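None of the figures in this text is laboratory data; all of them are computed from the coordinates on show. Since the structure is predicted, the reported quantities are computational estimates derived from the model, not experimental observations. Heads up, the Cβs are rebuilt from the backbone with ideal geometry, glycines too, and the neighbour counts pull from every protein chain shown.
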Amino acid sequence: MGKGRIGNNIRKLRFFRNEMTQQQLAEKVGVTRQTIIAMEQDKYSPSLELAFRIARVFEVPLEEVFSYQPEAEST
Amino acid sequence: MSFQEKNITVSLSIFVAILGFYLIRVFQMVQHESFNSTNLFRLWGIIAVLAVIGTILATIFTHIVGGIVHKVRTNEDPHIEDIQDERDKMIDLKGTRVAYTLSSIGVALSMLTFVFGQPPLVMFSLLIFFGVLAQVVADIWRLTLYRRGF
């Protein structure tokens, strides 16, 4: 089974939360700012726990933050 | 460049220097026909001490000198992200896996020298070579993962 692509709307959600900085989000969810940058650039797919923590910070369901595209659709 | 990347870069530089020093010393021993167990095991000790001191120096260098450079350049107090989050741990694990794989291959290749009738000294010199090489390759792999993502 091929690897799909996990996209996210973190940048957009930060913008709609009064331009929350990457550092602020990082501190709220307990990771480094570099990890937030990597996620926004689709260079890192977070663990399920971190994904839930991010969704909780933005007070939206998980599906509004992250989306999954199977390999066939993403290519 | 994040704190972890700087730390790995400094560590990589130190281990490349150690590897170079080791290779030069071994070649010198072979050239001067002083490639014997006493000299080789003394070199093993030097390499082990250098590796420990190098690792400590890498951490101190990254923390202190990095902080001073940051303060001078930006006039802000350094914010050192020395915590390891899940991404850092994952990258560290992937690097360690590469190091173990390469070390295992190195041990197997070193043992193979017996098959070709080489003396035990060759095996011992190859063992430490592959040990340091594994560390270098693992650090390069970690840096690649930080840059490329995964």
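Quick rundown of the values:
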read-out	value
Positive-pole candidate from B:53, B:12, B:119, dipole of the protein assembly as shown, charges at beta carbon	B:119
Residue-wise HN-Hα coupling along region B:92-99, computed from phi with Karplus coefficients 6.51, -1.76, 1.60 (Hz; x: Gly, Pro)	4, 5, 5, x, 4, 4, 4, 4
Stretchable slack from residue B:24 to residue B:63, in nm (0.36 nm times residue separation minus alpha-carbon distance)	11.0 nm
Mean separation of Cα contacts under 8 Å (6+ apart) over length of chain A, as relative contact order %	49
Leading residue at positive end of dipole, region B:29-128 (Cβ point charges), from B:108, B:41, B:31	B:31
Compactness relative to 2.2 N^0.38 Å, alpha carbon Rg of region A:5-58	0.99
Label zone at residue A:49, where the point sits 7 Å out along the Cα-to-Cβ direction: region B:86-119 residues whose backbone N lies under 12 Å	B:86-87
Binned Cα-Cα distances of region B:3-148, short to long, each 10 Å bin given as a whole percent	11, 32, 30, 17, 8, 2, 0
Contact order relative to length of region B:1-145, as percent, for alpha carbon pairs under 8 angstrom and 6 or more apart	37
Averaged over A:29-39, number of beta-carbon atoms from partner chains that fall within 10 Å	5
Chymotrypsin sites (Phe, Trp or Tyr not before Pro) within region B:25-71, DSSP loop, no more than 12 other Cβ atoms inside 10 Å	none
Dipole magnitude of region A:5-58 about its Cα centre (Cβ charges: Lys, Arg +1; Asp, Glu -1), debye to nearest 20	100
Volume of the Cα convex hull of the protein assembly as shown, divided per residue and given in Å³	164
Prolate/oblate/rounded label for region B:26-88 (Cα gyration tensor, a/c 1.5)	prolate
Stokes-Einstein D (µm²/s) once Rh is taken as the Kirkwood radius of region B:1-55 over alpha-carbon pairs, at 37 °C in 0.692 mPa s	266
Projected label distance in nm at residue A:3 and residue B:55, using a 7 Å step from Cα toward the beta-carbon	2.8
